[in-house]
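Visitor: Before anything else, here's the structure in question.
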Amino acid sequence: MLAMTLLTLLSWALAATTAQAATQTISKTFGPIKIGGYEVRQENSIGVPTPGVDGYITDMRVNVVDKRGKPLPISRVMLHHVVFLNAGSPARPRTDKTCSQFTLWDSRSRLPALAERFYAAGEERAEMRLPAGYGYPVARDDTWFLVWMLMNHRQLPDQAYIKYDMTVETADPLQEVTPYWLDVNNCLVDPIYNIPGGGRPGALDRRSAEWTIPTAGRLVAGTGHVHGGGRDLTVTEPTCGDREIARFQPTWGQATHPFYNVRPILHEPGPINVTAMTSPTGVPLAANSKLRLTSTYDGVLPHTRVMGISVVYVAPDPTVTEPCGALPLDVSYSGRPPGRPTPPRFTVPLTGIDPDSGRAITIQAPPGRRVALRSGATVKIKGFNFSKRNIVLRRGSRLRWDFDDDGTIHNVTLASGPIGFGSENLDRGSFTQRFSKAGTYRIFCALHPVAMTESVVVR
Ligand SMILES: [Cu+2]
(Lines give C-alpha, C1' and ligand atoms only; values in the text may rest on other atoms or scores of the structure.)
Protein backbone atom coordinates (compact mmCIF):
# COMPACT_ATOMS: atom_id res chain seq x y z
CA MET A 1 0.00 0.00 0.00
CA LEU A 2 2.73 2.41 1.04
CA ALA A 3 4.79 1.37 -1.99
CA MET A 4 1.79 2.06 -4.22
CA THR A 5 1.35 5.53 -2.74
CA LEU A 6 5.04 6.28 -3.14
CA LEU A 7 4.88 5.12 -6.74
CA THR A 8 1.85 7.30 -7.39
CA LEU A 9 3.60 10.27 -5.81
CA LEU A 10 6.71 9.57 -7.85
CA SER A 11 4.78 9.41 -11.11
CA TRP A 12 3.00 12.67 -10.19
CA ALA A 13 6.31 14.32 -9.47
CA LEU A 14 7.63 13.10 -12.82
CA ALA A 15 4.52 14.35 -14.60
CA ALA A 16 4.93 17.72 -12.91
CA THR A 17 8.56 17.89 -14.04
CA THR A 18 7.61 17.07 -17.64
CA ALA A 19 4.85 19.67 -17.58
CA GLN A 20 7.27 22.23 -16.21
CA ALA A 21 9.76 21.57 -18.98
CA ALA A 22 7.02 22.29 -21.50
CA THR A 23 6.17 25.62 -19.92
CA GLN A 24 8.41 28.22 -21.43
CA THR A 25 8.95 31.83 -20.56
CA ILE A 26 9.37 33.63 -23.85
CA SER A 27 10.40 37.28 -24.08
CA LYS A 28 10.21 39.25 -27.29
CA THR A 29 11.14 42.81 -28.12
CA PHE A 30 9.77 45.18 -30.73
CA GLY A 31 11.89 48.15 -31.75
CA PRO A 32 13.84 50.32 -31.73
CA ILE A 33 11.22 53.05 -31.77
CA LYS A 34 12.67 56.52 -32.15
CA ILE A 35 10.72 59.36 -30.53
CA GLY A 36 11.54 63.05 -30.92
CA GLY A 37 11.74 65.48 -27.99
CA TYR A 38 8.34 65.84 -26.28
CA GLU A 39 6.82 63.81 -29.09
CA VAL A 40 3.67 61.71 -28.73
CA ARG A 41 4.12 58.94 -31.26
CA GLN A 42 1.50 56.42 -32.30
CA GLU A 43 1.66 53.76 -34.96
CA ASN A 44 0.24 50.50 -36.27
CA SER A 45 3.21 48.17 -36.68
CA ILE A 46 3.87 45.05 -38.72
CA GLY A 47 6.85 42.72 -38.34
CA VAL A 48 6.02 42.05 -34.71
CA PRO A 49 7.95 39.12 -33.15
CA THR A 50 5.69 36.27 -32.05
CA PRO A 51 6.49 33.50 -29.54
CA GLY A 52 7.56 31.38 -32.56
CA VAL A 53 6.17 28.14 -31.13
CA ASP A 54 2.97 26.14 -31.24
CA GLY A 55 1.29 26.35 -27.87
CA TYR A 56 -0.85 28.36 -25.52
CA ILE A 57 -0.13 31.67 -23.82
CA THR A 58 -1.22 31.46 -20.21
CA ASP A 59 0.00 34.87 -19.13
CA MET A 60 1.52 37.94 -20.71
CA ARG A 61 2.99 41.27 -19.57
CA VAL A 62 4.43 44.23 -21.44
CA ASN A 63 6.78 47.09 -20.66
CA VAL A 64 8.79 49.77 -22.38
CA VAL A 65 12.55 49.21 -22.08
CA ASP A 66 15.91 50.53 -23.30
CA LYS A 67 18.22 48.59 -25.61
CA ARG A 68 19.62 46.61 -22.68
CA GLY A 69 16.11 45.55 -21.68
CA LYS A 70 15.97 47.83 -18.64
CA PRO A 71 12.53 49.38 -18.00
CA LEU A 72 12.40 53.05 -19.03
CA PRO A 73 11.20 55.39 -16.29
CA ILE A 74 8.22 57.56 -17.10
CA SER A 75 10.52 60.58 -16.70
CA ARG A 76 11.90 59.46 -20.08
CA VAL A 77 9.26 57.55 -22.02
CA MET A 78 5.71 56.61 -21.11
CA LEU A 79 3.89 53.71 -22.72
CA HIS A 80 0.44 55.22 -23.10
CA HIS A 81 -1.04 52.08 -24.55
CA VAL A 82 -0.21 49.07 -26.67
CA VAL A 83 -2.62 46.62 -28.32
CA PHE A 84 -1.55 43.18 -29.59
CA LEU A 85 -3.37 41.74 -32.62
CA ASN A 86 -3.03 38.24 -34.00
CA ALA A 87 -3.92 37.46 -37.63
CA GLY A 88 -3.28 33.78 -36.94
CA SER A 89 -1.60 31.39 -39.35
CA PRO A 90 -2.49 30.31 -42.91
CA ALA A 91 -3.92 27.10 -41.41
CA ARG A 92 -5.89 28.99 -38.80
CA PRO A 93 -6.56 32.64 -39.56
CA ARG A 94 -7.97 34.67 -36.68
CA THR A 95 -10.26 37.67 -37.01
CA ASP A 96 -11.57 40.04 -34.40
CA LYS A 97 -14.62 38.76 -32.54
CA THR A 98 -16.39 42.09 -31.95
CA CYS A 99 -15.43 44.14 -35.04
CA SER A 100 -15.61 43.46 -38.74
CA GLN A 101 -13.49 46.51 -39.58
CA PHE A 102 -11.24 49.00 -37.79
CA THR A 103 -11.21 52.77 -38.31
CA LEU A 104 -7.59 53.96 -38.40
CA TRP A 105 -5.85 56.96 -36.81
CA ASP A 106 -7.11 59.46 -39.37
CA SER A 107 -10.71 58.69 -38.25
CA ARG A 108 -11.44 58.00 -41.92
CA SER A 109 -9.57 54.99 -43.40
CA ARG A 110 -11.06 51.62 -42.65
CA LEU A 111 -9.43 48.21 -42.72
CA PRO A 112 -11.16 44.84 -42.50
CA ALA A 113 -10.46 43.43 -39.02
CA LEU A 114 -8.31 40.57 -40.30
CA ALA A 115 -6.60 40.22 -36.95
CA GLU A 116 -7.82 39.60 -33.44
CA ARG A 117 -7.20 42.02 -30.57
CA PHE A 118 -6.15 39.61 -27.83
CA TYR A 119 -4.16 41.59 -25.27
CA ALA A 120 -3.57 45.23 -24.41
CA ALA A 121 -2.04 47.36 -21.70
CA GLY A 122 -1.85 51.02 -20.83
CA GLU A 123 -0.28 53.00 -18.03
CA GLU A 124 -1.85 50.53 -15.62
CA ARG A 125 0.21 47.75 -17.29
CA ALA A 126 -2.67 45.28 -17.45
CA GLU A 127 -1.55 41.65 -17.64
CA MET A 128 -3.14 38.67 -19.32
CA ARG A 129 -3.51 36.04 -16.62
CA LEU A 130 -5.60 32.96 -17.33
CA PRO A 131 -6.66 30.40 -14.72
CA ALA A 132 -4.74 27.11 -14.65
CA GLY A 133 -5.69 24.81 -17.52
CA TYR A 134 -6.61 27.60 -19.97
CA GLY A 135 -4.53 29.19 -22.72
CA TYR A 136 -4.68 31.51 -25.71
CA PRO A 137 -3.61 29.38 -28.71
CA VAL A 138 -0.63 30.53 -30.77
CA ALA A 139 1.10 28.94 -33.75
CA ARG A 140 4.70 29.01 -34.96
CA ASP A 141 3.66 30.89 -38.12
CA ASP A 142 1.23 33.40 -36.61
CA THR A 143 1.38 37.02 -37.77
CA TRP A 144 1.06 39.71 -35.10
CA PHE A 145 0.50 43.45 -35.28
CA LEU A 146 0.85 46.19 -32.69
CA VAL A 147 -0.99 49.45 -32.15
CA TRP A 148 0.94 51.65 -29.75
CA MET A 149 1.32 55.16 -28.39
CA LEU A 150 4.46 56.37 -26.63
CA MET A 151 5.23 59.77 -25.14
CA ASN A 152 8.71 61.24 -24.75
CA HIS A 153 8.83 63.40 -21.63
CA ARG A 154 12.23 64.86 -22.40
CA GLN A 155 13.55 67.49 -24.75
CA LEU A 156 16.07 65.00 -26.23
CA PRO A 157 15.13 62.44 -28.87
CA ASP A 158 14.90 59.01 -27.29
CA GLN A 159 14.72 55.38 -28.26
CA ALA A 160 12.49 52.72 -26.76
CA TYR A 161 11.59 49.08 -27.20
CA ILE A 162 8.33 47.33 -26.39
CA LYS A 163 9.20 44.16 -24.49
CA TYR A 164 6.66 41.46 -23.73
CA ASP A 165 7.09 38.39 -21.56
CA MET A 166 4.84 35.41 -22.09
CA THR A 167 4.39 32.08 -20.37
CA VAL A 168 3.70 29.55 -23.11
CA GLU A 169 2.63 25.94 -22.65
CA THR A 170 4.03 23.92 -25.56
CA ALA A 171 3.42 20.26 -24.65
CA ASP A 172 0.01 19.67 -23.14
CA PRO A 173 -3.10 20.91 -24.88
CA LEU A 174 -4.98 23.43 -22.77
CA GLN A 175 -8.59 24.59 -22.85
CA GLU A 176 -8.60 27.32 -25.47
CA VAL A 177 -9.91 30.78 -24.72
CA THR A 178 -11.34 33.26 -27.22
CA PRO A 179 -10.67 36.93 -26.48
CA TYR A 180 -13.62 39.30 -26.77
CA TRP A 181 -12.71 42.97 -26.99
CA LEU A 182 -15.47 45.00 -25.31
CA ASP A 183 -15.13 48.74 -25.89
CA VAL A 184 -17.83 51.38 -25.38
CA ASN A 185 -16.47 53.15 -28.49
CA ASN A 186 -15.59 50.00 -30.40
CA CYS A 187 -13.82 49.34 -33.71
CA LEU A 188 -11.57 52.40 -33.63
CA VAL A 189 -7.79 52.26 -33.52
CA ASP A 190 -8.11 55.31 -31.20
CA PRO A 191 -11.33 54.49 -29.30
CA ILE A 192 -11.59 57.74 -27.35
CA TYR A 193 -14.55 59.74 -26.14
CA ASN A 194 -14.91 62.98 -24.21
CA ILE A 195 -16.65 63.75 -20.94
CA PRO A 196 -17.98 67.31 -20.77
CA GLY A 197 -18.09 67.44 -16.95
CA GLY A 198 -20.03 70.17 -15.20
CA GLY A 199 -22.21 67.73 -13.21
CA ARG A 200 -23.24 68.35 -9.59
CA PRO A 201 -20.97 66.95 -6.87
CA GLY A 202 -20.91 63.17 -7.16
CA ALA A 203 -22.19 63.16 -10.76
CA LEU A 204 -21.05 60.24 -12.89
CA ASP A 205 -20.75 59.81 -16.65
CA ARG A 206 -21.83 56.39 -17.92
CA ARG A 207 -21.49 54.89 -21.40
CA SER A 208 -22.53 51.38 -22.36
CA ALA A 209 -22.36 49.07 -25.32
CA GLU A 210 -23.64 45.53 -25.90
CA TRP A 211 -22.47 42.48 -27.78
CA THR A 212 -23.84 39.05 -28.57
CA ILE A 213 -21.46 36.19 -27.85
CA PRO A 214 -22.38 33.64 -30.55
CA THR A 215 -20.73 30.53 -29.11
CA ALA A 216 -21.56 28.85 -25.82
CA GLY A 217 -18.73 29.09 -23.32
CA ARG A 218 -17.48 30.13 -19.92
CA LEU A 219 -15.97 33.54 -19.19
CA VAL A 220 -12.84 32.67 -17.20
CA ALA A 221 -10.78 35.88 -17.12
CA GLY A 222 -10.78 39.57 -17.97
CA THR A 223 -9.45 43.00 -17.19
CA GLY A 224 -9.99 46.58 -18.25
CA HIS A 225 -8.55 49.93 -19.28
CA VAL A 226 -9.67 53.40 -18.23
CA HIS A 227 -8.07 56.85 -18.34
CA GLY A 228 -7.88 59.68 -15.82
CA GLY A 229 -11.21 60.22 -14.07
CA GLY A 230 -12.34 56.58 -14.52
CA ARG A 231 -14.42 55.04 -11.71
CA ASP A 232 -14.89 51.48 -12.93
CA LEU A 233 -15.95 49.14 -15.73
CA THR A 234 -18.68 46.58 -15.29
CA VAL A 235 -19.69 43.65 -17.45
CA THR A 236 -23.36 42.72 -17.00
CA GLU A 237 -25.85 40.41 -18.70
CA PRO A 238 -28.75 42.53 -19.97
CA THR A 239 -30.93 39.49 -20.69
CA CYS A 240 -30.34 38.07 -17.18
CA GLY A 241 -31.74 41.00 -15.21
CA ASP A 242 -28.54 42.87 -16.01
CA ARG A 243 -26.71 40.86 -13.36
CA GLU A 244 -23.09 41.87 -12.85
CA ILE A 245 -20.53 39.26 -13.84
CA ALA A 246 -17.33 41.32 -13.61
CA ARG A 247 -16.21 44.67 -12.24
CA PHE A 248 -12.80 46.12 -13.01
CA GLN A 249 -11.61 48.79 -10.60
CA PRO A 250 -8.72 51.20 -11.09
CA THR A 251 -6.27 52.22 -8.36
CA TRP A 252 -4.76 55.70 -8.50
CA GLY A 253 -1.27 56.67 -7.45
CA GLN A 254 -0.66 58.83 -4.40
CA ALA A 255 0.05 62.51 -4.97
CA THR A 256 3.78 61.68 -4.81
CA HIS A 257 3.55 59.09 -7.63
CA PRO A 258 5.62 59.92 -10.74
CA PHE A 259 2.42 60.05 -12.85
CA TYR A 260 1.52 63.29 -11.04
CA ASN A 261 5.01 64.73 -10.82
CA VAL A 262 6.92 64.03 -14.00
CA ARG A 263 6.93 67.12 -16.21
CA PRO A 264 5.65 67.97 -18.71
CA ILE A 265 2.14 66.68 -18.02
CA LEU A 266 0.82 65.91 -21.49
CA HIS A 267 -2.50 64.30 -20.49
CA GLU A 268 -4.55 63.49 -17.41
CA PRO A 269 -2.67 60.68 -15.60
CA GLY A 270 -4.19 57.21 -15.77
CA PRO A 271 -4.50 54.63 -13.00
CA ILE A 272 -1.52 52.65 -11.68
CA ASN A 273 -3.53 49.42 -11.83
CA VAL A 274 -6.88 47.96 -12.84
CA THR A 275 -8.15 44.79 -11.17
CA ALA A 276 -8.15 41.55 -13.18
CA MET A 277 -10.74 38.79 -12.76
CA THR A 278 -10.24 35.03 -12.99
CA SER A 279 -12.60 32.12 -12.43
CA PRO A 280 -11.49 28.53 -13.17
CA THR A 281 -15.16 27.50 -13.40
CA GLY A 282 -16.14 30.54 -15.43
CA VAL A 283 -19.35 32.48 -15.90
CA PRO A 284 -21.63 30.29 -18.07
CA LEU A 285 -22.64 31.96 -21.33
CA ALA A 286 -25.17 30.08 -23.47
CA ALA A 287 -24.92 30.60 -27.24
CA ASN A 288 -26.04 34.13 -28.21
CA SER A 289 -25.72 35.50 -24.67
CA LYS A 290 -25.54 39.28 -24.45
CA LEU A 291 -22.80 41.13 -22.60
CA ARG A 292 -23.01 44.81 -21.69
CA LEU A 293 -19.93 46.85 -20.82
CA THR A 294 -20.53 50.04 -18.83
CA SER A 295 -17.73 52.57 -18.45
CA THR A 296 -18.24 54.93 -15.53
CA TYR A 297 -16.28 58.16 -15.10
CA ASP A 298 -16.42 61.15 -12.82
CA GLY A 299 -18.93 63.57 -14.35
CA VAL A 300 -17.98 66.68 -12.41
CA LEU A 301 -14.72 67.62 -14.14
CA PRO A 302 -14.06 67.43 -17.87
CA HIS A 303 -12.05 64.38 -18.97
CA THR A 304 -10.91 64.30 -22.56
CA ARG A 305 -9.81 61.45 -24.82
CA VAL A 306 -10.81 58.76 -22.31
CA MET A 307 -11.41 55.08 -23.00
CA GLY A 308 -13.61 52.34 -21.57
CA ILE A 309 -12.31 48.94 -22.65
CA SER A 310 -12.43 45.42 -21.27
CA VAL A 311 -10.92 42.28 -22.75
CA VAL A 312 -12.61 39.10 -21.53
CA TYR A 313 -11.54 35.53 -22.27
CA VAL A 314 -14.21 32.93 -22.95
CA ALA A 315 -13.52 29.19 -23.12
CA PRO A 316 -15.89 27.63 -25.68
CA ASP A 317 -18.05 25.00 -23.99
CA PRO A 318 -21.01 23.45 -25.87
CA THR A 319 -22.32 21.92 -22.64
CA VAL A 320 -23.49 25.37 -21.51
CA THR A 321 -27.04 25.45 -22.83
CA GLU A 322 -29.04 27.09 -20.05
CA PRO A 323 -29.24 30.89 -20.30
CA CYS A 324 -28.42 32.82 -17.11
CA GLY A 325 -26.92 29.74 -15.42
CA ALA A 326 -25.56 29.83 -11.86
CA LEU A 327 -22.66 32.20 -11.32
CA PRO A 328 -19.37 30.55 -10.29
CA LEU A 329 -18.23 30.65 -6.68
CA ASP A 330 -14.53 30.79 -7.52
CA VAL A 331 -14.30 34.32 -8.98
CA SER A 332 -11.26 36.14 -7.69
CA TYR A 333 -9.75 39.54 -8.38
CA SER A 334 -6.11 40.56 -8.29
CA GLY A 335 -4.50 43.95 -8.36
CA ARG A 336 -5.41 46.34 -5.60
CA PRO A 337 -1.98 47.86 -4.85
CA PRO A 338 -1.63 50.62 -2.25
CA GLY A 339 -3.03 53.82 -3.69
CA ARG A 340 -6.17 55.89 -3.97
CA PRO A 341 -9.46 54.10 -4.74
CA THR A 342 -11.07 57.07 -6.52
CA PRO A 343 -9.54 59.24 -9.23
CA PRO A 344 -7.93 62.37 -7.82
CA ARG A 345 -9.02 65.80 -8.96
CA PHE A 346 -6.48 66.84 -11.56
CA THR A 347 -6.07 69.79 -13.89
CA VAL A 348 -4.00 69.30 -17.04
CA PRO A 349 -1.81 72.37 -17.56
CA LEU A 350 -0.74 73.80 -20.89
CA THR A 351 2.91 73.28 -21.73
CA GLY A 352 5.13 75.50 -23.84
CA ILE A 353 8.82 75.72 -24.67
CA ASP A 354 10.95 78.17 -22.71
CA PRO A 355 12.71 80.18 -25.45
CA ASP A 356 15.96 80.40 -23.44
CA SER A 357 16.42 76.80 -22.30
CA GLY A 358 14.33 75.01 -24.94
CA ARG A 359 12.72 73.07 -22.11
CA ALA A 360 9.05 72.41 -21.52
CA ILE A 361 7.42 74.74 -18.99
CA THR A 362 3.87 75.21 -17.75
CA ILE A 363 2.20 78.19 -19.43
CA GLN A 364 -1.08 79.96 -18.79
CA ALA A 365 -1.55 80.77 -22.48
CA PRO A 366 0.53 80.58 -25.66
CA PRO A 367 2.55 83.68 -26.61
CA GLY A 368 0.94 86.40 -28.69
CA ARG A 369 -1.90 88.90 -28.49
CA ARG A 370 -5.46 87.89 -27.75
CA VAL A 371 -7.91 88.57 -30.56
CA ALA A 372 -11.69 88.92 -30.32
CA LEU A 373 -13.55 86.69 -32.78
CA ARG A 374 -17.16 86.34 -33.73
CA SER A 375 -19.17 83.19 -33.62
CA GLY A 376 -18.39 81.02 -36.64
CA ALA A 377 -14.78 82.21 -36.93
CA THR A 378 -12.21 79.72 -38.23
CA VAL A 379 -8.84 78.66 -36.83
CA LYS A 380 -6.56 77.05 -39.39
CA ILE A 381 -4.35 74.13 -38.39
CA LYS A 382 -1.20 74.35 -40.46
CA GLY A 383 2.54 73.89 -39.86
CA PHE A 384 1.98 72.29 -36.41
CA ASN A 385 0.23 75.46 -35.30
CA PHE A 386 -3.16 76.97 -34.57
CA SER A 387 -3.46 80.10 -36.73
CA LYS A 388 -5.05 81.99 -33.80
CA ARG A 389 -3.65 81.03 -30.43
CA ASN A 390 -5.30 83.51 -28.04
CA ILE A 391 -8.97 84.19 -28.61
CA VAL A 392 -11.85 86.00 -26.91
CA LEU A 393 -15.39 84.87 -27.70
CA ARG A 394 -18.82 85.83 -26.52
CA ARG A 395 -20.66 83.10 -24.61
CA GLY A 396 -22.63 80.84 -26.94
CA SER A 397 -20.23 81.40 -29.87
CA ARG A 398 -19.02 78.64 -32.13
CA LEU A 399 -15.43 78.20 -33.24
CA ARG A 400 -14.36 76.11 -36.19
CA TRP A 401 -10.97 74.49 -36.76
CA ASP A 402 -9.95 73.63 -40.32
CA PHE A 403 -7.44 70.76 -40.64
CA ASP A 404 -5.08 71.01 -43.58
CA ASP A 405 -1.45 70.31 -42.66
CA ASP A 406 0.01 68.36 -45.59
CA GLY A 407 -1.31 65.03 -44.37
CA THR A 408 -0.21 65.41 -40.74
CA ILE A 409 -2.90 64.29 -38.29
CA HIS A 410 -3.85 66.62 -35.45
CA ASN A 411 -6.69 67.04 -33.00
CA VAL A 412 -8.26 69.78 -30.88
CA THR A 413 -8.53 68.74 -27.23
CA LEU A 414 -9.51 70.54 -24.05
CA ALA A 415 -6.74 70.50 -21.42
CA SER A 416 -8.73 72.43 -18.82
CA GLY A 417 -11.84 74.58 -18.83
CA PRO A 418 -15.58 74.61 -18.18
CA ILE A 419 -16.57 71.97 -20.80
CA GLY A 420 -14.61 68.92 -21.92
CA PHE A 421 -14.43 68.27 -25.66
CA GLY A 422 -12.07 66.81 -28.23
CA SER A 423 -12.08 66.35 -31.98
CA GLU A 424 -11.28 63.21 -33.86
CA ASN A 425 -7.73 62.82 -35.17
CA LEU A 426 -7.94 64.53 -38.56
CA ASP A 427 -5.67 65.29 -41.47
CA ARG A 428 -8.41 67.16 -43.30
CA GLY A 429 -11.92 68.41 -42.70
CA SER A 430 -13.08 70.52 -39.78
CA PHE A 431 -14.31 70.44 -36.20
CA THR A 432 -16.72 72.90 -34.57
CA GLN A 433 -17.31 73.51 -30.86
CA ARG A 434 -19.90 75.73 -29.19
CA PHE A 435 -18.76 77.56 -26.05
CA SER A 436 -21.91 77.65 -23.95
CA LYS A 437 -20.18 78.41 -20.65
CA ALA A 438 -18.04 81.42 -19.76
CA GLY A 439 -14.48 80.84 -18.60
CA THR A 440 -10.98 80.07 -19.86
CA TYR A 441 -10.59 77.08 -22.14
CA ARG A 442 -7.03 75.79 -22.44
CA ILE A 443 -6.74 73.69 -25.57
CA PHE A 444 -4.02 71.62 -27.21
CA CYS A 445 -3.42 69.01 -29.88
CA ALA A 446 -3.03 65.81 -27.86
CA LEU A 447 -0.62 64.48 -30.49
CA HIS A 448 1.59 67.60 -30.39
CA PRO A 449 0.78 68.92 -26.92
CA VAL A 450 3.86 71.08 -26.49
CA ALA A 451 3.93 72.66 -29.95
CA MET A 452 0.21 73.25 -30.41
CA THR A 453 -1.63 75.18 -27.71
CA GLU A 454 -4.45 77.64 -27.69
CA SER A 455 -6.37 79.68 -25.13
CA VAL A 456 -9.99 80.73 -25.59
CA VAL A 457 -11.55 83.16 -23.10
CA VAL A 458 -15.34 83.13 -23.21
CA ARG A 459 -17.22 86.08 -21.71
CU1 LIG B 1 -1.03 68.09 -33.76
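Visitor: Restricting the search to region 267-289, which residues are in a strand (DSSP E or B) and under 12 Å from Gly122 (Cβ atoms)?
Guide: If the condition is that a residue be in a strand (DSSP E or B) and under 12 Å from Gly122 (Cβ atoms), then Asn273, Val274 are the ones that fit.
Residues checked against (1) of a type in the set (Gly, Ala, Ser); (2) within 15 Å of the chain's Cα centre (by Cα); (3) under 23 Å from Met128 (Cα atoms):
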site: Met166; (1), (2), (3): no, no, yes
site: Trp181; (1), (2), (3): no, yes, yes
site: Arg200; (1), (2), (3): no, no, no
site: Arg206; (1), (2), (3): no, no, no
site: Gly228; (1), (2), (3): yes, yes, yes
site: Val235; (1), (2), (3): no, no, yes
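Visitor: In region 178-234, what count of residues is obtained for those that are closer than 23 Å to Lys290 by Cα and assigned to a loop (DSSP other than H, G, I, E, B)?
Guide: 8
Visitor: Can you pull out every residue in region 348-360 that is touching a residue at least 12 places away in the same chain (Cβ under 8 Å) and either closer than 19 Å to Ala415 by Cβ or within 30 Å of the chain's Cα centre (by Cα) (or both)?
Guide: Within region 348-360, Val348, Pro349, Leu350, Thr351, Gly352, Ile353, Arg359, Ala360 qualify.
Visitor: Looking only at region 389-401, filter to residues that are touching a residue at least 60 places away in the same chain (Cβ under 8 Å) and surrounded by 17 or more Cβ atoms within 10 Å (Cβ to Cβ); which one of those is farthest from the ligand (Cβ to nearest atom)?
Guide: Ser397
Visitor: Within the bounds of region 305-313, is there any residue that is surrounded by fewer than 18 Cβ atoms within 10 Å (Cβ to Cβ) and within 17 Å of Leu130 (Cα to Cα)?
Guide: Within region 305-313, not a single residue is surrounded by fewer than 18 Cβ atoms within 10 Å (Cβ to Cβ) and within 17 Å of Leu130 (Cα to Cα).
Visitor: Right, something else. Report every pair of residues separated by at least 6 positions or lying on different chains whose Cβ atoms are under 6 Å apart, first residue within region 441-459 and more than 15 Å from Asn411 (Cα to Cα) and aliphatic (A, V, I, L, M), second more than 11 Å from the ligand (Cβ to nearest atom) and in a loop (DSSP other than H, G, I, E, B).
Guide: Between residues of region 441-459 that are more than 15 Å from Asn411 (Cα to Cα) and aliphatic (A, V, I, L, M) and residues that are more than 11 Å from the ligand (Cβ to nearest atom) and in a loop (DSSP other than H, G, I, E, B), the close pairs are Val458/Arg395; Val458/Phe435; Val458/Ala438.
Visitor: Checking the condition crowded, with 21+ Cβ neighbours inside 10 Å, in contact (Cβ under 8 Å) with a residue 24 or more places away in the chain and within 20 Å of Asp205 (Cα to Cα), which residue from Ser289, Ser295 passes?
Guide: Going through Ser289, Ser295 in turn, just one is crowded, with 21+ Cβ neighbours inside 10 Å, in contact (Cβ under 8 Å) with a residue 24 or more places away in the chain and within 20 Å of Asp205 (Cα to Cα): Ser295.
Visitor: Also: Can you run down the residue pairs with Cβ atoms below 6 Å, 6 or more apart or on separate chains, where the first is in region 93-121 and closer than 16 Å to Glu424 by Cβ and in the same structural domain as Pro191 (by TED's automatic domain parsing) and the partner is among the small types (Gly, Ala, Ser) and surrounded by fewer than 21 Cβ atoms within 10 Å (Cβ to Cβ)?
Guide: Phe102/Ala113
Visitor: Out of all the residues in region 65-109, which are touching a Gly at 6+ places or on another chain (Cβ under 7 Å) and under 29 Å from Gln159 (Cα atoms)?
Guide: Hits for region 65-109 are His80, His81.
Visitor: Report whether or not Phe386 is outside the structural domain of Arg41 (by TED's automatic domain parsing), modelled with pLDDT of 95 or more, of a type outside the set (Gly, Ala, Ser) and farther than 21 Å from His153 by Cβ.
Guide: yes
Visitor: Now for a separate question. Output the strands (runs of 3 or more DSSP E) that fall wholly within region 376-459 and possess 3 or more residues being over 22 Å from Gln364 (Cα atoms), or say none.
Guide: Here the list reads 398-404, 428-434.
Visitor: What number of residues in region 235-263 are in a loop (DSSP other than H, G, I, E, B) and surrounded by 21 or more Cβ atoms within 10 Å (Cβ to Cβ)?
Guide: Residues flagged as in a loop (DSSP other than H, G, I, E, B) and surrounded by 21 or more Cβ atoms within 10 Å (Cβ to Cβ) within region 235-263 amount to 1.
Visitor: Across region 369-388, what is the number of residues that are within 16 Å of the ligand (Cβ to nearest atom) and in contact (Cβ under 8 Å) with a residue 24 or more places away in the chain?
Guide: Counting residues in region 369-388 that are within 16 Å of the ligand (Cβ to nearest atom) and in contact (Cβ under 8 Å) with a residue 24 or more places away in the chain gives 7.
Visitor: Residues being charged (D, E, K, R) and farther than 19 Å from Ser208 by Cα: count how many of those fall in region 168-193.
Guide: Of the residues in that region, 3 qualify.
Visitor: Still on this structure: How many residues does region 402-453 contain that are away from the ligand (no atom under 11 Å from the Cβ) and either farther than 21 Å from Asn152 by Cα or of a type in the set (D, E, K, R) (or both)?
Guide: So the count comes out to 27.
The values are calculated or read from the model by the stated rules, or taken from the named source; none is laboratory data. Because the structure is a prediction, the values reported are computed rather than measured. Positions of Cβ are generated from backbone atoms using ideal geometry, with glycine treated the same way; all protein chains shown enter the neighbour counts.
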